[in-house]
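Comments concern the structure below.
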Amino acid sequence: MEKEKGRFSSGSKQHHERGISSPETETITKAPGVKETETFADLIGFFAQQLKEKFDPDYGGFEHFPKYPMVDALELAQVAYLYEGGKHWEDIFTHTLLSMYGSAVFDREEGGFFKYSTARDWSIPYYEKTLEDNARLLSLLLTAHKLTADQSFARASQEVLKYLHEKLYLPEKGCFAASESAGREYYALPLEDRRMQKSLKKDEHAYVSRNALLVRSLLRASVILAEPAWHDQAVSTLEVLLQHCYRPDKGMSARLRESGESGEEAVEQGSLGVQAAAGLALTAAYQHTGEMRWLDTARHLAKYCLESLSTAGGALSEMPAQKGRFGKKPRPGYDINNNVLCARWFVEMAALSGEEAYLEKASDIVHSFAGQFRKQPLQNAGLALAAFDVRERAAVIDVVGAPGDPELLPLLSTALASLVPPKVVRLLDPAAAHAEMRHEYKEVDRATVFPWLGEHCYERAVNPVELQDIISILVKERRAHVLFTVKESERV
């Protein structure tokens, strides 16, 4: 993909400002005239190779102990399996998830995954269950169910959802608590005996980033498991976050204000990771509802990030520079995983809004960390996912139909549940869509899907079976050129 100019461009890849702990801005160049996407191919191939080498074939997961889920690494294995096939990719995510689900790291009494295991075989958990871990693992389980049709993943997903709703949901706040923990003695008890105990500790702070990640997973669960109640839960949670935590001039705050806290500074401003997680929740809400308010808010939030957090090096800083007595203080450092989250959000923004500048910024972010892609490959596997998203650009599935058309919802649900990452779905009314997008939409007299890869529109679909067939064609198209192998080069 050639770099394109846009109004959100962060400028040239200059060396970072002095005094700021910046990522490396070196780009990986092979020869004059080589396109930057080839750099991304090398990066993707390197991470994929690391996953194969560090995978534990006996117990799943990676390396030995302590054993963390490594969610980004498992998602990369799922993407590789979808586009490349191969039992080795399938084993990485299925063996790991099923081993975790069948081990002590999953609480069989109350549900939910513990944070990690201190033993290689997942037999000695660290007794804390967090909203973030379970929200992200839920998304992996849902994808695994779609990829394999194994009902074990559907059951595990439903048990995680039950745990989140029954144990972490805070009805008085309208969102979810951060975590709960207790000692080994508590978790060794059966459910009835646990209810008599007072040793369980719950962190009832409602953090924006963790709730936003869950919103996205709940929306996926609503279509993949065909349980629409999770859609309503996701939307209501996101509305609470926006009502209490969003300010256009400061983005999202880190968490909901607690009772007794007052004043503008009572709750700290949210970091880049908070903004990116909220942005991804907003783009997901727009795709599932077609309501422009979600995309408009995502635009305003992106504007805040680009104006307040951008730097000359391409990456975004964690927080904006603060004005001090002697001028601006240096910005805090950079977080690679939060930048990755932001890049993936911007890829979706580019596809949903048609503004290519978002895609350019996502590319800038990936490039700013390209010189570090060999460091901690398992922890930084998200960088390969972001590079893949930028390199492939999001497929756009336009679901066009009049409100009230009985054929519209089944088509939308099929489009949303389909796996052809990266992809976005737009729900469009034909009366309004043709003026801003494509004239052929005006002629639609029944619910119809228009799948796009770049400027190429594939055959239209008017029922879920036709759409599934076309999705399969899109996947095959990408399989023809996507590689998850290390390329021959001097740098790799």
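Being touching a helix residue (DSSP H, G or I) at 6+ places or on another chain (Cβ under 9 Å), among the polar types (S, T, N, Q), buried (at least 17 other Cβ atoms within 10 Å of the Cβ) and not assigned by TED's automatic domain parsing to the domain that holds HIS145 narrows it down to one residue among THR414, THR485; which is it? I'd like the intermediate steps shown before the answer.
Values: THR485 fails: buried (at least 17 other Cβ atoms within 10 Å of the Cβ).
Of THR414, THR485, the one residue that is touching a helix residue (DSSP H, G or I) at 6+ places or on another chain (Cβ under 9 Å), among the polar types (S, T, N, Q), buried (at least 17 other Cβ atoms within 10 Å of the Cβ) and not assigned by TED's automatic domain parsing to the domain that holds HIS145 is THR414.
So, in region 439-458, of the ones that are in contact with a helix residue (DSSP H, G or I) (Cβ under 6 Å, 6 or more places away or on another chain) and over 22 Å from VAL347 (Cβ atoms), which residue ends up surrounded by the fewest Cβ atoms within 10 Å (Cβ to Cβ)?
By that ranking, first place goes to LYS442.
Within region 143-160, how many residues are in contact (Cβ under 8 Å) with a residue 12 or more places away in the chain, surrounded by fewer than 24 Cβ atoms within 10 Å (Cβ to Cβ) and of a type outside the set (Val, Ile, Thr)?
8
Residues checked against (1) under 17 Å from the mean Cα position of the chain (by Cα); (2) modelled with pLDDT of 75 or more; (3) over 12 Å from ARG393 (Cα atoms); (4) of a type in the set (Val, Ile, Thr):
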{"residue": "LYS328", "(1), (2), (3), (4)": "no, no, yes, no"}
{"residue": "TYR334", "(1), (2), (3), (4)": "no, yes, yes, no"}
{"residue": "ARG344", "(1), (2), (3), (4)": "yes, yes, no, no"}
{"residue": "GLU348", "(1), (2), (3), (4)": "yes, yes, no, no"}
{"residue": "SER353", "(1), (2), (3), (4)": "no, yes, yes, no"}
{"residue": "GLU356", "(1), (2), (3), (4)": "no, yes, no, no"}
{"residue": "HIS367", "(1), (2), (3), (4)": "no, yes, yes, no"}
{"residue": "GLY371", "(1), (2), (3), (4)": "no, yes, yes, no"}
{"residue": "ARG374", "(1), (2), (3), (4)": "no, yes, yes, no"}
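Considering only region 271-317, state which residues are under 17 Å from LEU214 (Cα atoms), in contact with a strand residue (DSSP E or B) (Cβ under 6 Å, 6 or more places away or on another chain) and not polar (S, T, N, Q).
Hits for region 271-317 are VAL274, ALA278.
Right, LEU191: among the aliphatic types (A, V, I, L, M), in contact (Cβ under 8 Å) with a residue 40 or more places away in the chain and assigned by TED's automatic domain parsing to the domain that holds CYS305 or not? Step through it out loud before you land on a result.
Values: among the aliphatic types (A, V, I, L, M): yes; in contact (Cβ under 8 Å) with a residue 40 or more places away in the chain: yes; assigned by TED's automatic domain parsing to the domain that holds CYS305: yes.
So LEU191 fits the description; yes.
Please determine whether any residue of region 33-51 is closer than 29 Å to ILE471 by Cβ, surrounded by fewer than 17 Cβ atoms within 10 Å (Cβ to Cβ) and at pLDDT 50 or above.
Within region 33-51, one or more residues are closer than 29 Å to ILE471 by Cβ, surrounded by fewer than 17 Cβ atoms within 10 Å (Cβ to Cβ) and at pLDDT 50 or above.
Looking at ALA386, is it crowded, with 21+ Cβ neighbours inside 10 Å, touching a helix residue (DSSP H, G or I) at 6+ places or on another chain (Cβ under 7 Å) and touching a residue at least 24 places away in the same chain (Cβ under 8 Å)? Lay out the reasoning, then the answer.
Values: crowded, with 21+ Cβ neighbours inside 10 Å: yes; touching a helix residue (DSSP H, G or I) at 6+ places or on another chain (Cβ under 7 Å): yes; touching a residue at least 24 places away in the same chain (Cβ under 8 Å): yes.
Answer is yes for this residue.
Anything in region 82-135 that is surrounded by fewer than 16 Cβ atoms within 10 Å (Cβ to Cβ) and of a type in the set (Phe, Trp, Tyr)? List them, or say none.
Listed by number, the list holds a single entry, TYR126.
Got at least one residue in region 353-375 being of a type outside the set (D, E, K, R), without any contact (Cβ under 8 Å) to a residue 60 or more places away in the chain, farther than 23 Å from ARG216 by Cα and part of a loop (DSSP other than H, G, I, E, B)?
Checked against the condition, which is being of a type outside the set (D, E, K, R), without any contact (Cβ under 8 Å) to a residue 60 or more places away in the chain, farther than 23 Å from ARG216 by Cα and part of a loop (DSSP other than H, G, I, E, B), region 353-375 yields no hits at all.
The values are calculated or read from the model by the stated rules, or taken from the named source; none is laboratory data. Worth saying up front: this structure is predicted, and the values here are computed from it rather than measured. Cβ sites come from the backbone with ideal geometry, for glycine too, and all protein chains shown count toward neighbours.
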